[in-house]
Amino acid sequence: MKTPANSNKCKPSWRRKMYEIIFKADTFYGRLFDEILLVLILASIVIVMLESIAEFRARHQLFLSYSEWVITIIFLIEYILRIISSPRKLKYIFSFFGIIDLLAILPAFLALITPGLQPLVVIRAIRLLRIYRILKLTRYIKAGNMLIISIRSSFRKIFIFMIFVLILVLLLGSIMYVVEDGKNGFYSIPLSIYWAVITLTTVGYGDIVPVTDLGKFIATFIMLLGYSIIAIPTGIVSAEIARGKNDKITTIICDYCSESEHQKDASYCKNCGNPL
């Protein structure tokens, strides 16, 4: 009598099976589920782009409408299943991917409840939010996951660097205001800071141009400085990507805390310590 009971306990529940299929891609059905979603995401993006072509929309309005609603309903079912099967429902709902999944289905329903007296432009603007579905692709692209992890790891360094750049443009803008004596477009410190920003980023609109020799010299220095500054964030992120490759970071999701960044040979979650 005990053997069947024990065997039933060993069998994973339907919610557990659903979780493995939807959230994990290391099984046959998990990979199949992801591949189907990839096709649907790409199809929805193509539909949005085709719908923006007036002639095509006029000829195939019915087809576009039916296709869009079929894909929206499938994404709605996927979103509900993710909530049901997730061990940490609130964490998924308010996570980056949870919000993106919601944005993938919300615009279609918002367009329905928008009052008919509203201008059609408003409805189109709401429906254009469907383009956010392309962000769902990042979940299934390993290189995208690595890039997100690298940017997250280097965020503090980039933040400190941006503070340094902010201080730099404040100083340079103030100096140019003094050098140009509040003339030649440098009528205030905020305008001078605006000039310093567009010059440092090598955009150079040309709406404000220094006239004095010292001002031209400082402008030349800022332009040359801009090239080196642009390269610094790229180097920081590139270093994190290289370190991530060496560390062999994988995206296996912990069943207990939903942590997704672990070493490839890790057996336990680095966040909560539970077995992976």
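Coordinate-derived values only; no laboratory data. These figures come from a predicted structure and were not determined experimentally. Cβ placement follows ideal geometry from the backbone for every residue including glycine, while neighbour counts extend to all protein chains displayed.
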Original post:
Quick one: if the Förster radius is 30 Å, what FRET efficiency do Tyr205 and Ile99 give, using the C-beta to C-beta distance and rounding to 0.05?
Top reply: 0.25
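Given axes a ≥ b ≥ c from the Cα gyration tensor, I'd like to know whether segment 58-118 is rounded (a/c under 1.5), prolate (a/b larger than b/c) or oblate.
Here segment 58-118 falls in the prolate category.
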Original post:
Under a Cβ-Cβ cut-off of 14 Å, what is the net charge of the residues other than Ser174 that fall near it, where Lys and Arg count +1 and Asp and Glu count -1?
Top reply: -2
Subject >> Contour excess over end-to-end distance, with Cα ends at Tyr268 and Leu110 and 0.36 nm allotted per residue >> reply: 52.6 nm
**OP:** Please report how far the C-alpha centroid of segment 147-201 lies from that of segment 62-82, rounded to the nearest whole angstrom.
**Re:** 45 Å
